[in-house]
Each structure stands twice: as structure tokens, then as C-alpha cells.
Amino acid sequence: MFNHPLMFIWLPLLLLSGCQPQQPSSSEQELKQSMAEIKLQLVKMEKQIKEIHEIATASTAPKAKELPPLADLDNQGKLPSLGQSDAPIVIVEFSDFQCPYCKRFLELSFPKLKQQYIDTGKVRYLVRNFPLSFHANAESAAIAAACAGKQDRYWPMREQLFANITRLNPELYLSSAKQQDLQLPDFEACLDDPAIKASVMADLQYGQQYGVTGTPSFIIGRVSNNQMQTPKLLVGAHPYEAFSAILDKLQQDN
């Protein structure tokens, strides 16, 4: 209440009624009436501010496109995954290592999303590659991350690549592999493996099949028998609150 915009009016009136001897006067009743009117106006203003906030929030809330059911969510267990395998809700992220918005999501929204939903067993999180054609190094970075995943180091490599988004190149991949204590001969052989590149392109085609055109994009929904029954496509590096609103509704609808 002390932060209210009308406090500069109300506070002097309150001070007048502080620790002072009571001296009845003809203006006492008028003062009480004025204070009552000010309090009433404050209540009305607070209600109006709340209504304006609700309208603004509703008008700027991201729209999630509804999709048909998705099959084989985790590519037969081959996708990078966080959370419990039997979590009732799944998020599939489509990501590009050269996309600054993907980096923004990773830094600003993902940590709390992981803490509140993934680590608590409510959500399983999967990642598919979606290297955009105008990002020259996105495909090679996706391959490097996939090769790190072959040695169970996908997530640390993912963080390291996004941390160095402006200098993705073979030298960085090798130096990052050394920092992750990877077996370098295996890692280097993996970088040249056509099957790894094919898996990256398969992710891209999978996303295109369901309407993904940019990054980051997320398909979110409830899961049964490795099939997403109520998928929604959310596009963009939205704040944590946009994801929590969708996830909480999915939990309530169960």
C-alpha cells in the first residue's frame, strides 16, 4: 500500500491522525469523510489496474498451434533426453546451434523449466536438430553435439556450443571434446560418419512434417504409448511463464 501512486495524498492525512492530542473541531468530520473517499478511490484504482493487467497479459500471450498426434517421439530412444521416461507430458525442442534466440531460451527460460517440471518428473524433454539453411555452421555443430552424445556428453557439449555461438568451427568442436574428456579418435571418426549427418537431416524433416519452420520451436503435449495425443506447436524464445501456462493446463486436463 505504501507504494501506491496516491500515497502522496493519503500519507499526510494519516500523519495528521498520528500521536497527537484529540481536539474535536468542526473540520474533523470532513477530514474523516475525505479519507474514506480516498480509500474508496484507491480500491477502485487497484481493481482497474488488475483488469488492465489481465487484458494486457491475455492479448500478448503466445498462441500455440494445435497439431495431429505425433508418433515415435524419441526416435526409438535415440534422441537426447532429460527427465523421467514415463513422464506424462513431453516437450520436443527443435533447435539450431547458430540461432541467437535458441541461446536466449537456453539461458533465460530453460533453467527454471528444468527445475520446476523436468527435474520433478512432470515433463520429459527431448531435442531434435533443426539447422537452418542460412546458418553455415549449424549443421556441423549439430553433428558435433550428436557425436558427444554417443559418449553420453550431449548436454555439456550443447551448453558449450551455445556459449560459443559466434565461433562454431571444427577447432572449437575438438577443443570442446577435449574439455569434456571425450575419446578423441572416436569423436573425430563420428564427425565424418554419414549416418550422423543423416540423423540430423532426419530431425529437420521430422520438424518440417509438423509445420516447424524456425527455431526455437517446441511441440508440447500429453503422451501415451510413445505417442503425443494433444500436441501444440509453440514457436519462439518465450519466457518461462508461457511454457508453464501450457504445462499447467495439460496437467489440469488430465
Quick test of your reading of the structure: Ala144 fulfils all but one of (1) open to solvent by less than 50 Å² (accessible area, probe 1.4 Å); (2) part of a helix (DSSP H, G or I); (3) touching a residue at least 60 places away in the same chain (Cβ under 8 Å). Name the failing condition by number. (3)
Among the residues of the stretch 107-139, count how many are in a helix (DSSP H, G or I), in contact with a helix residue (DSSP H, G or I) (Cβ under 7 Å, 6 or more places away or on another chain) and closer than 16 Å to Thr166 by Cα. 1
Report whether or not Thr166 is among the polar types (S, T, N, Q), more than 26 Å from Lys65 (Cα to Cα) and open to solvent by 60 Å² or more (accessible area, probe 1.4 Å). yes
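If you go through the stretch 184-202, how many residues are within 21 Å of Gly77 (Cβ to Cβ) and not charged (D, E, K, R)? Break it down stepwise before answering.
In the first step, residues of the stretch 184-202 are kept if they are within 21 Å of Gly77 (Cβ to Cβ); the result is 186, 190, 193, 195-202.
In the following step, the residues that additionally are not charged (D, E, K, R) were identified as 190, 195-196, 198-202.
Summing the residues that are within 21 Å of Gly77 (Cβ to Cβ) and not charged (D, E, K, R) in the stretch 184-202 gives 8.
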For Glu93, only one of the following conditions fails: (1) modelled with pLDDT under 95; (2) crowded, with 16+ Cβ neighbours inside 10 Å; (3) of a type in the set (D, E, K, R). What is its number? (1)
Requiring at least 1 residues that are out of contact with any helix residue (DSSP H, G or I) (no Cβ under 7 Å at 6 or more places or on another chain), of a type outside the set (Val, Ile, Thr) and open to solvent by less than 10 Å² (accessible area, probe 1.4 Å), the helices (runs of 4 or more DSSP H) wholly within the stretch 169-221 are 170-179, 194-209
Filtered residues of the stretch 222-236 (kept if in a loop (DSSP other than H, G, I, E, B) and over 21 Å from the mean Cα position of the chain (by Cα)): Asn225, Asn226, Gln229
Scan the stretch 142-152 and give yes if some residue there is polar (S, T, N, Q) and farther than 25 Å from Phe105 by Cβ, otherwise no. yes
Near pairs, Cβ below 9 angstrom, 6+ apart or cross-chain, from the stretch 204-223 (without any contact (Cβ under 8 Å) to a residue 24 or more places away in the chain) to any residue that is in a loop (DSSP other than H, G, I, E, B) and crowded, with 22+ Cβ neighbours inside 10 Å: Gln208/Phe130
How about the stretch 237-249: which of its residues are in contact (Cβ under 8 Å) with a residue 60 or more places away in the chain and not in a loop (DSSP other than H, G, I, E, B)? Tyr240, Ala242, Phe243, Ser244, Ala245, Ile246, Leu247
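The values are calculated or read from the model by the stated rules, or taken from the named source; none is laboratory data. These numbers were taken from a predicted model, which means no experiment stands behind them. Here Cβ is always computed from backbone atoms with ideal geometry, including for glycine, and neighbour counts include all displayed protein chains. These accessible areas exclude ligands, DNA and RNA; they are computed on the full protein's heavy atoms, side chains included. Shrake-Rupley method; radii C 1.70, N 1.55, O 1.52, S 1.80 Å.
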